[in-house]
Amino acid sequence: MIRGQVVPDEARAWTAGLVLASDYFAWARRRAVSKASAAIRTRMDRRRVRSEDPGTSR
Amino acid sequence: MSSTPPLADPPGPDVGALAPEPSPAAWPRSRLRAYIALEASAVALGYLVAVLWDGLPTTSSRWALVVAGAVAVAIPLGIKSRRELRQEADARSAETIAIEADTKLRLVVGDVVTPIAEVVGRVHQAGTEAERGSLRGQLKQLIVEAAANLCGGERARATFFELDGGEMRAAAWFGRGDQPETVFTEAPEDRRGQEALLLVRFHDFLLVDDVRAEKLPRGAEPRPGATYRSFISVAVFCAEENLGMLSVDAPEPYAFDETDLNVMRAMAQLLGAGLVDRH
């Protein structure tokens, strides 16, 4: 289960002018890279497991 | 509710992924190399035992036979190892490309469009003209910050040229360099101005990969001394109301691709939705 804010505090701080765009984008990029790496590896692992499973592989 | 302080690195597994030590993804490569080294050592050892089983070769022809045998064993082993390493490298580069694409999607949709859409909504909820004007100023600045950070390289510059009284001048900008001075007018001698105003009137976009290499339509050429080689310009409008032009440029040629163009189109439409007046 995942639950969170639609517009997170960090994004609100940027849109309200409380943090510099460069700081916000540096943070957002770090977080996006980290989450994307985890997501892609999870997808690759799932695909590997599926292809190794004789019941599901074509 | 989240209690993460603004711009703190996310806790949990994310921190591990950003840590300087080798990431878990680096292990399969070193494992493959170790496996290949082990395989080569085992084959070499087996061959050595076979050769020495009956004692050292005593004649030069026997030595030549031993060397030829060693080469015959090493060649297929080397080819197989190279192929495995190349396949592994291909898989890694595909993974890197997939991660880059996923990163950009997350940035654009989650970290930029979502919070900016909220500001657009707040513009139309504003109770007074002063509040609406302030929010619109904020929105213009957010859009150029987003465009400069999402499109092209680190030296990109984004500008919003606002249409007012038949002229367009910079209302917000972000990125390298100073304040853009260009004013686009319909004056007969201002061919660039006429072209830019036509782009807005026709609700068009223009992506130029290299201003020095491409044959550009008259009026789309950069002014003398311009510091950019590639750019994207997109009309900002809402329904029939023309509002201006959003541009991003970079000093390198081929700095932008079609993904950047689509990001710019989305940014321009978000800006148009926030700037349009209620009728």
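The values are calculated or read from the model by the stated rules, or taken from the named source; none is laboratory data. Quick caveat, the model's predicted, so the values are computed rather than measured. Heavy atoms of the whole protein, side chains included, go into the accessibility calculation; ligands, DNA and RNA do not. Shrake-Rupley method; radii C 1.70, N 1.55, O 1.52, S 1.80 Å.
Residue-wise HN-Hα couplings along segment B:62-72, as the Karplus relation 6.51 cos²θ - 1.76 cosθ + 1.60 with θ = phi - 60° gives them from phi, are 5, 5, 4, 5, 5, 5, 4, x, 5, 5, 4 Hz; Gly and Pro carry x. Contact with the other protein chains removes 40 Å² or more of accessible area, compared with the isolated chain and a 1.4 Å probe, from these residues of segment A:17-39: A:ALA21, A:PHE25, A:TRP27, A:ARG29, A:ARG30, A:ARG31, A:ALA32, A:SER34, A:LYS35, A:ALA36. For chain B, the longest principal axis of the C-alpha atoms and the axis of helix B:191-201 are separated by about 90°. Taking Cα atoms only, the orientation of helix A:21-52 departs from the longest principal axis of chain A by about 10 degrees. Taking all protein chains into account, the per residue accessible area for segment B:155-271 stands at 51 Å² (1.4 Å probe). In the context of the full set of protein chains, residues of chain A present 70 Å² of accessible surface per residue (probe radius 1.4 Å, heavy atoms only). Among the protein heavy atoms of segment B:41-196, carbon and sulfur supply 60% of the accessible surface, probe 1.4 Å, non-protein parts ignored. Close amide H partners of B:GLY152, meaning residues 5 or more places away or on another chain with modelled amide H under 5 Å apart, are B:ASP257.
Within the assembled protein chains, the solvent-accessible surface assigned to B:LYS104 is about 60 Å², based on a 1.4 Å probe. Could you let me know the centre-to-centre spacing of segment B:139-185 and segment B:52-110, using Cα atoms, in angstrom? Their Cα centres are 51 Å away from one another.
Our estimate of slack between B:HIS124 and B:GLU241, defined as 0.36 nm per intervening residue step minus the Cα-Cα distance, is 40.5 nm. Fully extending the segment from B:ARG191 to B:THR114, taken as 0.36 nm per residue of separation minus the present Cα-Cα distance, adds 23.9 nm.
With a 1.4 Å probe, how much accessible area is buried between chains B and A, both sides summed, in Å² to the nearest hundred?
Numbers: alone 17380 and 5570 Å², together 19960 Å².
Interface between B and A: roughly 3000 Å².
Solvent-accessible area of A:LYS35, all protein chains in place: 80 Å² (probe radius 1.4 Å, heavy atoms, ligands and nucleic acids excluded).
Less than 5 angstrom separates the built amide H of B:PHE237 from those of B:LEU243, B:GLY272, all sequence-distant by 5 or more or on a different chain.
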